[in-house]
Every structure is written in structure tokens, then in C-alpha cells.
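Taking it in order: structure first as C-alpha cells, then the write-up.
The values are calculated or read from the model by the stated rules, or taken from the named source; none is laboratory data. Remember, predicted model here, so these are calculated numbers, not experimental data. Because the Cβ atoms are built from the backbone with ideal geometry, glycine has one as well, and the counts that use them run over all protein chains shown. Accessible surface is based on the protein model in full, side chains and every heavy atom, while ligands, DNA and RNA are left aside. Shrake-Rupley method; radii C 1.70, N 1.55, O 1.52, S 1.80 Å.
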Amino acid sequence: MLIDLIKCHGSNNDFLLIDETEGNYKLDDFKRRDLALTLCDRNTSLGADGILFIRNSNVADAQYRIFNSDGTEASMCGNGLRCAGRYVCEKLGKDEAIIETLKANLKVKKHEEIFTDIPTYQVEISPVSFKLEDLPLSLDQETLIQEKLPELSEELTFTALAVPNPHLTAIVSKEQLDSDLQEEISRKVNNPNDLFPDGVNVSFIRLLEKGSIYVNTFERGVGFTNACGTAMSASTLVTCLLNDNEFGQPINVYNNGGMVQCDVHEHNGVYSIDLIGNATFLYSAQLEIDFNEEGIVVDVLEQEDFNEDAQYSLLQEHAKKYLNQF
């Protein structure tokens, strides 16, 4: 089987994008899982945090599904949605499109550049829920907003929310951020445990100055990642709830892969977040894939660069210089 793909990234959260509408691939979920496990392996020539599968939709311009590098399926991924949205918009010759995800149909649109010559897209992050049953988080209460979880830490205060991926956030000091605390907590809640039966994304938030935060995320199904779009969105919402930032104002969110902006909206107690950032295409490739009983055999036949990443590296340098001030 011949498969064409695009290697892309949002804040260096990188993906392989496969358009199922273009080829007669006849993929089922077992093959999608096996492709994710094989192609996303960092020991191969490709490697990625996950695969974005673009499919036809009866209710939107396109459907996308994302499989993590461990073969599990995520309900949403903000960084991946920007990349998928750019692909769909350019394919259809439009500046905006509706993308069907597992939980909602979300708007994606081309946005003014977040940095010089960086393809930039805005995606809608919703629905947002603080109900613990929507994560799920097994506690005898309805929500967890700025409360202690002694089972995980005596020193941190946590907020749990689904956007719609499940997130556990904490605002931390530089010393806590630099410690092993985040990894210890993340490993605990993403291995068999009594609190999070399905695991959870864990984000440490550092307040920098008004309108700017830093977010570091351990992503369920991936591990520590350069950036997680829904985590940055959830983290920004938490800082607005605590009055550290303002609703309706773009917040600069710095991460290990660069920077995005998040704009949080509230209407009659309902929240939504605009996630604005790069959608960078690295290269296109054609693969020959052989599914057999012993596994998948992959041969990369062609590869062609888009020459977009050099410009993105300038954004990274800008972000690093800014963070060095703190």
C-alpha cells in the first residue's frame, strides 16, 4: 500500500497527517493504531507525537481523528487541529472551515501571523466542562477548582477540567517547575490509579507577567511534549478564573516548542477558548506500507521539504529570549 503524508507541527508538537479521502487506504482503527505505533516511533526516520487522519464528514468540511504515539485515540488536540485545519482550508481554497472532531464540530480559520512569515491559524477549543464525571476524576464531589489533592501532593493546589480532553493543572513556582514533582504526579495518574481511571494530561503553569504565562505539559498517551494545545487553552482559562489574566484578551502562552496565544471567552457561564498559533508543514513523503502478521514494514520512497521550519526557529529564539528574563 502506498500512503502519502505530511509531517507538520504546532509549537513543535509534531504530527504525521494522512488524508484518507485522497487514497483508497481502507484503514480501520486497528490499522490506524498500528500505523501510529510504528510511524511515530522516534527511532524511525519519521517519528511524531501522533497521526492526524483526515476523513470525509457528513456534517462538516472534514473530519479529523488523532491517534497518539502509543496507539490510543485522543478526543481532540489543539495543535493538531491547527495543522489539520490549514490542510483542509488550503485543499478547499478557503480561509476557514468546520472540522468534525470526536466531541464537537469546531471552527478553524486563517489568522494574522503570530510571527513574521509563520502560517497562523485560529481554532476553537470547546466544549469546556469542570464536571469531574467528564474527565473522569473519581472524587465524591462535582468539581475540583483550586483545591488540594493530598493523594498527589501536599504543596500544590489543583484545578481539573475537560476541554474536552481531561486536564489537571497547577500554578507553580520556578523551583517546583524545575523539580521532579510534575513527572512523579504525571506517572502516578497515568498508570493504574484510583483517581483518574483513564489517565489525564498534567500541566504546570508559571505566571510570568500580566498577559503572559508558561505551560509545561505531560500529555496522556505521549509523555512530556513540547506543547499541548488543549493544555495551553485549559491553563489560560484557569489563570483567567483566578483573575491573573483577563477574559477576552489574547494571552501569550509560552511553551518548550515556542509560543501561541489563547483568548478565553465566557457567556452565561459557558466558556470557549480561541487557540492561535503556527501550523508549520515540514515535508511531504510517500511511504510503501506492508501490513503483515509480524507487524508493519515501512519504506520511505519520496520526501520533499516545505522549507518552513527555518522561519519558525526564529519564533523559538524569540520565545527563549523572553523566557530567559524570568
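Per-residue answers, yes or no, for (1) of a type in the set (Val, Ile, Thr); (2) under 18 Å from the mean Cα position of the chain (by Cα):
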{"position": "Glu112", "(1), (2)": "no, no"}
{"position": "Pro127", "(1), (2)": "no, yes"}
{"position": "Glu133", "(1), (2)": "no, no"}
{"position": "Asp140", "(1), (2)": "no, no"}
{"position": "Thr157", "(1), (2)": "yes, no"}
{"position": "Pro164", "(1), (2)": "no, yes"}
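Quick one: would you say Lys103 is under 24 Å from Gly221 (Cα atoms), in a loop (DSSP other than H, G, I, E, B) and open to solvent by 80 Å² or more (accessible area, probe 1.4 Å)? Steps first, answer last, please.
Numbers: under 24 Å from Gly221 (Cα atoms): yes; in a loop (DSSP other than H, G, I, E, B): yes; open to solvent by 80 Å² or more (accessible area, probe 1.4 Å): yes.
Answer is yes for this residue.
Given the conditions (1) within 19 Å of Leu241 (Cα to Cα); (2) open to solvent by 10 Å² or more (accessible area, probe 1.4 Å), and given that Val163 satisfies all but one, which numbered condition is not satisfied?
(2)
Any chance you could count how many residues in region 142-190 are closer than 28 Å to Glu73 by Cα and either of a type in the set (Ser, Thr, Tyr) or not in a strand (DSSP E or B) (or both)?
Counting residues in region 142-190 that are closer than 28 Å to Glu73 by Cα and either of a type in the set (Ser, Thr, Tyr) or not in a strand (DSSP E or B) (or both) gives 22.
Quickly run through region 253-297 and pick out the residues that are open to solvent by less than 20 Å² (accessible area, probe 1.4 Å) and either among the small types (Gly, Ala, Ser) or on the phi > 0 side of the Ramachandran plot (or both).
Gly257, Gly258, Gly277, Ala279, Ala285
Any chance region 82-95 includes a residue that's among the basic types (Lys, Arg), open to solvent by 10 Å² or more (accessible area, probe 1.4 Å), in a loop (DSSP other than H, G, I, E, B) and modelled with pLDDT of 95 or more? Steps first, please.
Keep residues of region 82-95 that are among the basic types (Lys, Arg), which gives 82, 86, 91, 94.
Next, only the ones that are open to solvent by 10 Å² or more (accessible area, probe 1.4 Å) stay: 86, 91, 94.
Among the residues that remain, those that are also in a loop (DSSP other than H, G, I, E, B) are: 94.
This time we only want the ones that are modelled with pLDDT of 95 or more, so: 94.
The answer is yes, given that some residue of region 82-95 is among the basic types (Lys, Arg), open to solvent by 10 Å² or more (accessible area, probe 1.4 Å), in a loop (DSSP other than H, G, I, E, B) and modelled with pLDDT of 95 or more.
I'd like the full set of residues that are part of a strand (DSSP E or B) and either at pLDDT below 95 or under 21 Å from Thr159 (Cβ atoms) (or both), limited to region 111-136.
Residues of region 111-136 that are part of a strand (DSSP E or B), as a first pass: 120-125, 129.
Listed by number, the residues that qualify are Glu124, Ile125, Ser129.
Hey, among Leu35, Leu17, which residue is in contact (Cβ under 8 Å) with a residue 12 or more places away in the chain, in contact with a Cys (Cβ under 7 Å, 6 or more places away or on another chain), over 25 Å from Tyr254 (Cβ atoms) and not charged (D, E, K, R)? Show your work before the answer.
Values: Leu35 fails: in contact with a Cys (Cβ under 7 Å, 6 or more places away or on another chain).
Residue meeting the stated conditions: Leu17.
Would you mind telling me which numbered condition in (1) without any contact (Cβ under 8 Å) to a residue 12 or more places away in the chain; (2) under 29 Å from Cys240 (Cβ atoms) Asn278 fails?
That leaves (1) as the condition not met.
Looking at the structure I just gave you, is Gly47 crowded, with 18+ Cβ neighbours inside 10 Å, under 17 Å from the mean Cα position of the chain (by Cα) and in a loop (DSSP other than H, G, I, E, B)?
On the way: crowded, with 18+ Cβ neighbours inside 10 Å: no; under 17 Å from the mean Cα position of the chain (by Cα): yes; in a loop (DSSP other than H, G, I, E, B): yes.
So Gly47 fails the test.
Before we move on, is Asp134 over 22 Å from Pro250 (Cα atoms), of a type in the set (D, E, K, R), out of contact with any Lys or Arg (no Cβ under 9 Å at 6 or more places or on another chain) and without any contact (Cβ under 8 Å) to a residue 40 or more places away in the chain?
The answer is yes for Asp134.
Look at Arg206 and say whether it is buried (at least 21 other Cβ atoms within 10 Å of the Cβ) and among the charged types (D, E, K, R). It would help to see each step written out before you state the result.
Values: buried (at least 21 other Cβ atoms within 10 Å of the Cβ): no; among the charged types (D, E, K, R): yes.
No: the conditions fail for Arg206.
Can you name every one of the strands (runs of 3 or more DSSP E) wholly within region 215-326 that holds 2 or more residues which are closer than 20 Å to Leu17 by Cβ? Before the answer, list the steps.
Numbers: elements: 223-225, 251-255, 258-267, 270-278, 280-292, 295-305.
Here the list reads 258-267, 270-278, 280-292, 295-305.
Every residue in region 213-252 that is farther than 26 Å from Gly47 by Cβ, touching a residue at least 60 places away in the same chain (Cβ under 8 Å) and open to solvent by less than 10 Å² (accessible area, probe 1.4 Å), please.
Listed by number, the residues that qualify are Ala234, Ser235, Leu237, Val238, Thr239.
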